[in-house]
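**Q** To start, I am sharing the structure in question, which I have written as structure tokens.
The values are calculated or read from the model by the stated rules, or taken from the named source; none is laboratory data. What you see is a predicted model; the values in this text were computed from it and never measured. Neighbour counts run over all protein chains shown; Cβ positions are idealised from the backbone, glycine included. For accessibility, only protein heavy atoms count, side chains too; no ligands or nucleic acids. Shrake-Rupley method; radii C 1.70, N 1.55, O 1.52, S 1.80 Å.
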Amino acid sequence: MSPEIARAVALLRQGELVALPTETVYGLGADAANPAAVAKIFAAKGRPADHPLIVHIPDATHLDRWARDIPAEAYALAKAFWPGALTLILKRQPHVPDAVTGGQDTVGLRVPNHSVALALLHEFNGGIAAPSANRFGRISPTTAQHVRDDLGEGGNSSVALILDGGPCQVGIESTIVDLSGKRAMLLRPGMISAIDIGKVLGRVPLSPDDPLAPATVRAVRASGTLEAHYAPRTPLVLMPDDSLPIALRNAIVQKERIAVLATHPAPFEMPQVFWHVAPAAPTGYAHTLYANLRALDALGCDRIYVQKPVGQPWQAIYDRLKRAAAGSGTFV
Ligand code: TXA
Ligand code: MG
């Protein structure tokens, strides 16, 4: 065991917070069985206490330590996608702290696909409750430095240690599938798509706004599903690609400084415009999305224009961008 992992395990056992890399985004971890430790997560993030956390486990054999009445579908999805960017919502065991579940009768579980996270989880041999390691509502971190920028480390910070596992491979949060009801529900889209899940389950999960979805599911509080989330300080506007040139011309006339995120280069030379080219394929785009948004935000422009992605493979990315647009410009 590396000395860093040993230190992280000791800190978790003492009820301290440890930030850990996963393949999706960095998490802010605490011992999921220790309510006082979990409470520190909410304080550090400024997150409302009724928003439940995901419990990260070393492998699927730990499922029944946290969940009960586990349907066969859960094991099938775990076999297909774990370790990986998929969170399963299941009925919880009675001992799971309310601090973790937000008082709900369910618990979110995931085996992350990252060597550092897995080493930590196996050595800890328990559940690590971890939301994304950012302040509530802001852009999720995909590097250790992002976490340090947002929350600090050691000293006065409530984060005792940040494990550095390099940039996150996937780049956006896990897909969340609720298996606690009669029919599988997609609570948050991710790079593992509804179609991928449908191939394993035999039918695609329902989305919460589907008329067939039970009202209880629609009411569940999931911060990643709030209308405004993942937001930069600079107002962000989603622009259909063919509206970009006119919008930019207008902005230039208004003497505004604009940052652009698009999958192609600028069609012509534009003063006052900082144009950033993002990867043209969804996997590359997701991998760089949050670092790009942070970098564009740091330019201090009047607005960020993001080329609106179109099509099913872009569903999860579009979901994050829509929420970033809704929440942007509201933080000072
Ligand atoms: O990729 C990820 O999922 C990352 C990494 C660190 O694992 N974690 C993450 O955590 O995105 P967070 O807290 O930022 O988002 C977790 C989402 C929230 O929207 C939360 O409400 C939802 O999962 N969630 C957790 N437990 C739930 C439950 N029992 N029922 C419904 N939603 C739940
Ligand atoms: Mg989050």
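**Q** May I ask for the percentage of alpha-carbon pairs in region 1-152 that lie more than 26 Å from each other? Please report the intermediate quantities before stating the final value.
**A** Working: 2026 of 11476 pairs.
Of the Cα pairs, 18 percent sit more than 26 Å apart.
**Q** So what's the Cα pair-distance distribution over region 118-167, bin width 10 Å, in %?
**A** Taking all Cα pairs of region 118-167, the binned fractions are 23, 50, 26, 0 percent.
**Q** Can you tell me the length gained on complete extension of the stretch residue 72 to residue 50, counting 0.36 nm per residue apart and subtracting the Cα distance? Show your work: numbers first, answer last.
**A** Working: separation 22, 0.36 × 22 = 7.92 nm, distance 2.89 nm.
Full-extension gain reported as 5.0 nm.
**Q** Under a plain spin-label model, where a point goes 7 Å from the Cα along Cα-to-Cβ, how far apart in nm are residue 182 and residue 115?
**A** 4.7 nm
**Q** In the chain, which helices (entire DSSP H runs) extend 20 Å or more along their own long axis, judged by Cα positions, while averaging at least -0.5 on the Kyte-Doolittle scale?
**A** 282-298
**Q** Starting from the Kirkwood radius over alpha-carbon pairs of region 157-267, derive D by Stokes-Einstein at 20 °C in a medium of 1.002 mPa s and give it in µm² s⁻¹.
**A** For the chosen part, D equals 118 µm²/s.
**Q** By how many nm would the segment from residue 226 to residue 61 grow when fully extended, if each residue of separation counts as 0.36 nm and the alpha-carbon distance is taken off?
**A** Numbers: separation 165, 0.36 × 165 = 59.40 nm, distance 3.18 nm.
Roughly 56.2 nm would be gained on extension.
**Q** Can you pull the one-decimal nm distance between simple spin-label points at residue 93 and residue 269, each 7 Å off the Cα toward Cβ?
**A** 6.6 nm
**Q** Put a dot 7 Å past each Cα toward the Cβ at residue 204 and residue 330; how far apart are the dots in nm?
**A** Going from the residue 330 label point to the residue 204 one covers 2.9 nm.
**Q** Could you calculate the contour length gain from residue 280 to residue 6, that is, 0.36 nm times the residue separation minus the distance between their Cα atoms, to one decimal place in nm?
**A** Fully extending the segment from residue 280 to residue 6 adds 94.6 nm.
**Q** Mind ordering 317-324, 135-142 by average Cβ neighbours within 10 Å, highest first?
**A** Ranked from most to least packed, the peptides come out as 135-142, 317-324.
**Q** Still on this model: Given a Förster distance of 41 Å, report the FRET efficiency between residue 36 and residue 246 from their Cβ-Cβ distance, rounded to the nearest 0.05.
**A** E(calc), rounded to 0.05, equals 0.15.
**Q** Turning to a different aspect of this structure: If you roll a 1.4 Å probe over the heavy atoms of the protein chains, what accessible area per residue do you get for the chain, in Å²? Write out the running numbers ahead of the final one.
**A** Values: 13920 Å² over 332 residues.
The answer is 42 Å² per residue.
**Q** Roughly how large, in nm² to one decimal, is the mean projection of the convex hull of the alpha-carbon atoms in the chain?
**A** So the mean shadow area of the Cα hull is 16.9 nm².
**Q** Using the crude model of +1 on Lys and Arg Cβ and -1 on Asp and Glu Cβ, and no other charge, please compute the dipole size for the chain relative to its Cα centre, in debye to 20.
**A** It comes to approximately 420 debye.
**Q** If you don't mind, there's one more thing I want to ask. Using the Cα gyration tensor of region 42-114, with a ≥ b ≥ c the square roots of its eigenvalues, what is the shape: rounded (a/c below 1.5), prolate (a/b larger than b/c) or oblate (neither)?
**A** Oblate, because a/c is 1.5 or more while a/b does not exceed b/c.
**Q** When the accessible area of the chain is split by element with a 1.4 Å probe, what percent falls to carbon and sulfur?
**A** On the way: 7680 of 13920 Å².
Within the chain, the accessible surface is 55 percent carbon and sulfur.
**Q** Here is a further query. What order do you get for 147-160, 45-58 when each peptide is scored by the mean count of other beta carbon atoms within 10 Å, highest first?
**A** Descending mean neighbour count gives 45-58, 147-160.
**Q** Once the Cβ-Cβ distance between residue 136 and residue 295 is put in as r, and R0 is 22 Å, what FRET efficiency do you end up with, to the nearest 0.05?
**A** On the way: r = 21 Å, r/R0 = 0.98.
For R0 = 22 Å, the calculated efficiency reads 0.55.
**Q** Using mean Cβ contacts within 10 Å as the protection proxy, how do 183-196, 119-132 order, highest first? Kindly include the intermediate steps, with their values, before the conclusion.
**A** Values: 183-196: 20.6, 119-132: 22.2.
Those peptides, ordered most packed to least, come out 119-132, 183-196.
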